[in-house]
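The values are calculated or read from the model by the stated rules, or taken from the named source; none is laboratory data. Just so we're clear, the structure is a prediction, and the values are computed from it rather than from any experiment. Here the Cβ is made from the backbone with ideal geometry for all residues, glycine too, and neighbour counts use every protein chain on show.
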Amino acid sequence: MKETSDQVLQFLGRAVAWVAGLIQYVWAWSSDQIIKLTQKFTQAPWETWPLWKKSLLVIVAALVAYALFIAARQIWRAVMNLLPAVATFIGALIMMLPPILIAGAIALAGMWVINNFDDLSSLRSFITGHESTTRIEYAHGYSP
């Protein structure tokens, strides 16, 4: 059981790492393109450019700003959905602690009984507080 859960956790860890790497790569590439656009926008020889280039640069800058706005809005919504989910998950983890502790205590008590008592008569005398008066019959009909 532990091996299976470890394998699932390793798989999830690798999947999250892959997604994070992909996001980092896309983020770096997009940032580089946006920086180049910004540099072009700020260092452009506006006087010598034709009107269509100026217009296209402004349209591209507006589209980039709009795409970043869409991304920011989606991230905001995801975070707003994630916070209650994380809170619910943490609550579920906390709520499962008592049954797990009870299961561990039952297992501990069972192992203690198994390791400390050889037969039911000694367990019965331990529970009742009286010494066992069970007589052992032998094969020849006499008792000690």
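Quickly run through the range 42-79 and pick out the residues that are modelled with pLDDT under 90 and of a type in the set (Lys, Arg). Within the range 42-79, 53, 54 meet the criteria.
The rows are residues; the columns are (1) under 30 Å from residue 34 (Cβ atoms); (2) among the hydroxyl-bearing types (Ser, Thr, Tyr); (3) free of Cβ contacts under 8 Å to residues at least 60 places away in the same chain.
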{"site": "66", "(1), (2), (3)": "yes, yes, yes"}
{"site": "73", "(1), (2), (3)": "yes, no, yes"}
{"site": "96", "(1), (2), (3)": "no, no, yes"}
{"site": "111", "(1), (2), (3)": "no, no, yes"}
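Restricting the range 80-131 to residues that are touching a helix residue (DSSP H, G or I) at 6+ places or on another chain (Cβ under 9 Å) and loosely packed, with under 10 Cβ neighbours inside 10 Å, which is modelled with the highest pLDDT?
Quick first cut of the range 80-131, residues touching a helix residue (DSSP H, G or I) at 6+ places or on another chain (Cβ under 9 Å) only: 113, 116-117, 122-123, 126, 130-131.
Now narrow it down to the ones that are loosely packed, with under 10 Cβ neighbours inside 10 Å: 130-131.
Numbers: 130: 66, 131: 62.
The qualifying residue modelled with the highest pLDDT is 130.
Apart from one condition, residue 4 fits all of (1) surrounded by 10 or more Cβ atoms within 10 Å (Cβ to Cβ); (2) part of a helix (DSSP H, G or I); the exception is (1).
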